[in-house]
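Shown next, in structure tokens, is the structure this report addresses.
The values are calculated or read from the model by the stated rules, or taken from the named source; none is laboratory data. Every value quoted in this text rests on a predicted model; they were computed, and no experiment measured them. Counting neighbours? That spans all protein chains shown, and the Cβs are built from the backbone with ideal geometry, glycine included. Areas reflect the complete protein model, heavy atoms only, side chains present, ligands, DNA and RNA absent. Shrake-Rupley method; radii C 1.70, N 1.55, O 1.52, S 1.80 Å.
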Amino acid sequence: MGNNSFLPKNIQLVVCDFDGIFTDGKLEVFSDGTTSKKLDYKDIMGIAIVVQRDINFAIISGEKSKAIDIMKEKFPMIDTFQNERNKINVLKGLIDKYNVSPQN
């Protein structure tokens, strides 16, 4: 995958939101009530680079999204949390689960 030296060596866990991070923040609503979100392939490659470096990765979203389910299918080793309103508690749980300091 090329040189991954841009990733700090002390990072052990990467945690992020989903909407507006992996998507452009837009939700397309169709006349039948279904919705669509667009993902950027560069973001998907970013996850691949992180997990290739054996860095734990998690998505914490306040919404439920099929797009997150697809990310979990593609990368079964990542942690995904949906419909989470108290993201701080989930983050604290991940820090405990992986036994990492907040700085890492």
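Could you pull the Cα extents of region 50-104 along its three principal axes, largest to smallest, in whole Å?
If we take the Cα atoms of region 50-104, the spans are 31, 29, 14 Å.
Go ahead and set up a Gaussian network model of the chain, Cα springs under 10 Å, then flag whichever of Ile21, Ile68, Ile78 fluctuates most.
Evaluated over the chain, the most mobile residue of the options is Ile21.
For Ser31 and Val15 in one chain, what is 0.36 nm times their gap in residues minus the Cα-Cα distance, to one decimal in nm?
2.3 nm
Kindly write out, for region 16-26 in residue order, the coupling ³J(HN,Hα) from the Karplus curve 6.51 cos²θ - 1.76 cosθ + 1.60 (θ = phi - 60°), rounded to whole Hz, with x marking Gly and Pro.
8, 6, 10, 5, x, 9, 8, 10, 7, x, 9
Under 10 Å, Cα contacts only: if you run a Gaussian network model on the chain, which one of Glu28, Glu73, Glu63 comes out with the highest mean-square fluctuation?
Evaluated over the chain, the most mobile residue of the options is Glu28.
What's the FRET efficiency of Lys42 with Lys97 using the Cβ-Cβ distance as r and R₀ = 30 Å, to the nearest 0.05?
With a Förster radius of 30 Å, E is 0.60.
List the lysines whose alpha-carbon lies under 20 Å from that of Lys64, not counting same-chain residues fewer than 8 positions away?
Hits, sequence-local ones excluded: Lys26, Lys37, Lys38, Lys72, Lys74, Lys87.
With an 8 Å Cα cut-off and a minimum separation of 6 or more residues, compute the relative contact order for the chain in percent.
29
Quick one: compute a quarter of the convex hull surface over the Cα atoms of the chain and quote it in nm².
Details: hull surface 29.0 nm².
About 7.2 nm², averaged over all directions.
Quick one: which residues, 5 or more positions from Val14 or on another chain, have an amide H under 5 Å from its amide H? H modelled 1.01 Å from N in the peptide plane, none for Pro or chain starts.
Those qualifying (amide H under 5 Å, at least 5 residues apart or on another chain) are Asn56, Phe57, Ala58.
Over region 1-100, what percent of the accessible surface lies on carbon and sulfur atoms, probe 1.4 Å?
So the carbon and sulfur contribution to the accessible surface is 52 percent.
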